[in-house]
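Enquirer: After the structure tokens below, expect a handful of questions from me.
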Amino acid sequence: MVAETHLTPNDFICPFFVKDGVGIRETISSLPEVYRWSLDLLIEEIRRLRNFGLKSVMLFPVIPASLKDEYGSHALLKDNILCKSIRVIKDQFPDLCVISDIALDPYTTHGHDGLLSNGMIVNDETVRLLASIACLHAEQGVDIVAPSDMMDGRVGYIRSQLDASEHSNVSILSYSVKYASALYSPFRDALDSHPQTGDKKTYQMDCRNVLEALREVQLDEQEGADLLMVKPASFYLDVIYRARENTNLPVVAYQVSGEYAMMKAAASLGCSFINLLYESLISIKRAGASLIVSYATPLILEKMNKNSSNY
Ligand code: PBG
């Protein structure tokens with residue numbers, strides 16, 4: 001009766017990996033019970049989860065190595081798997097909120113989120129490219145674009161380009177506070193997108209900093225973001241709390257692949273996965289998150305459905 005924090009189906013955004021083909025539900029060894037889906041089976045899975053209250057999905061494309069290049073050119077093709085998925089999913093489920101990831105790493109041979117020149121990220125050219133990708137997704141009917149690249153100034157530029165192309169209704173969920181984290185490794189396995197040279201520390205944040213996180217929050221808010229993201233979640237609960245205190249925008253927390261994998265690993269050593277999951281999600285919400293992106297969304301939605309009074 002006096003519990004202060006609860007989970008509801010509305011709190012969750014389910015990330016999905018989608019790839020070309022039919023009848024595919026491929027396992028990922030470092031992410032047990034998370035799959036790479038072909039669109040036909042993904043539609044069935046979304047339909048199943050809609051019955052449990054699924055409100056929103058976030059899509060990541062799995063691009064075969066043969067279609068990757070140095071510039072991520074495949075990202076600009078209207079018939080790539082991500083564009084196709086947006087069209088088909090919005091057609092099947094018009095009131096499902098569809099969020100697309102905006103970054104180059106699924107499409108580049110080097111695995112970086114931006115363009116490289118002499119091993120260095122080229123910020124401004126990357127920003128122009130990202131805005132074109134965002135407009136392309138908007139044309140396919142996406143509800144929210146989520147730039148996860150951490151380039152400077154991209155939120156403002158994407159906003160201006162969306163508005164100029166009559167997509168002022170498309171919102172921006174900015175990965176404002178994204179730390180350079182060891183916890184992204186299973187995600188990079190899923191996409192085969194491990195950086196081939198260097199690391200992402202020149203554009204993602206240093207785990208030692210929190211004031212810098214607040215500067216990122218402030219800048220993205222000024223540039224016109226509609227929602228802000230903090231990522232990863234569990235090692236950064238203080239950052240979620242500080243972000244919550246410093247903005248009136250919704251704060252989204254991403255429980256990333258490595259957090260999910262750690263709990264699966266602990267479960268294989270005897271801990272209860274569902275209890276770990278519940279406690280971690282409650283902690284993230286208690287810290288101040290308005291919404292949570294989690295690979296365990298299917299499981300938690302099913303549990304909530306069976307046991308609605310206990311969440
Ligand atoms: C890349 C991106 C990453 C994740 C989401 N978008 C990985 C990275 O920055 O290398 C990680 C998500 C996860 O680990 O679940 N734009």
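The values are calculated or read from the model by the stated rules, or taken from the named source; none is laboratory data. Everything numeric here is computed off the predicted structure, so don't read it as measured data. Glycine gets a Cβ as well: all are built from the backbone with ideal geometry, and neighbour counts include every protein chain shown. Ligands, DNA and RNA are excluded from the accessible area calculation, which covers all protein heavy atoms including side chains. Shrake-Rupley method; radii C 1.70, N 1.55, O 1.52, S 1.80 Å.
Enquirer: Kindly indicate which of K285, K264, K306 is within 15 Å of the ligand (Cβ to nearest atom) and open to solvent by 20 Å² or more (accessible area, probe 1.4 Å).
Expert: K264
Enquirer: Let me ask you something else. For the range 43-57, give me each residue that is farther than 16 Å from Y295 by Cα and among the acidic types (D, E).
Expert: E44
Enquirer: Here is a follow-up. Any residue that is under 23 Å from I28 (Cβ atoms) and at pLDDT 95 or above - is there at least one of those in the range 116-136?
Expert: Checked the range 116-136: no residue is under 23 Å from I28 (Cβ atoms) and at pLDDT 95 or above.
Each row is one residue, and each column tells you yes or no for (1) farther than 30 Å from K306 by Cα; (2) away from the ligand (no atom under 16 Å from the Cβ).
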{"position": "G23", "(1), (2)": "no, yes"}
{"position": "L41", "(1), (2)": "no, yes"}
{"position": "R48", "(1), (2)": "no, yes"}
{"position": "L77", "(1), (2)": "yes, yes"}
{"position": "L82", "(1), (2)": "yes, no"}
{"position": "D91", "(1), (2)": "no, yes"}
{"position": "D105", "(1), (2)": "yes, no"}
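Enquirer: Further question on the same structure: Can you pull out every residue in the range 188-230 that is of a type in the set (S, T, N, Q) and either touching a residue at least 40 places away in the same chain (Cβ under 8 Å) or open to solvent by 70 Å² or more (accessible area, probe 1.4 Å) (or both)?
Expert: Matches in the range 188-230: S193, Q196, T197, T202, Q204, Q218, Q222.
Enquirer: Being under 19 Å from the mean Cα position of the chain (by Cα) and farther than 13 Å from Y175 by Cβ is the filter here, so list the residues in the range 208-223 that pass it.
Expert: Listed by number, the list holds a single entry, E221.
Enquirer: Quick one: V18 ticks every box in (1) within 16 Å of the ligand (Cβ to nearest atom); (2) under 27 Å from A266 (Cα atoms) bar one, so which box is it?
Expert: The single condition V18 does not satisfy is (2).
Enquirer: Tally up the residues in the range 111-129 that are away from the ligand (no atom under 16 Å from the Cβ) and of a type in the set (V, I, T), please.
Expert: Total meeting the criteria: 1.
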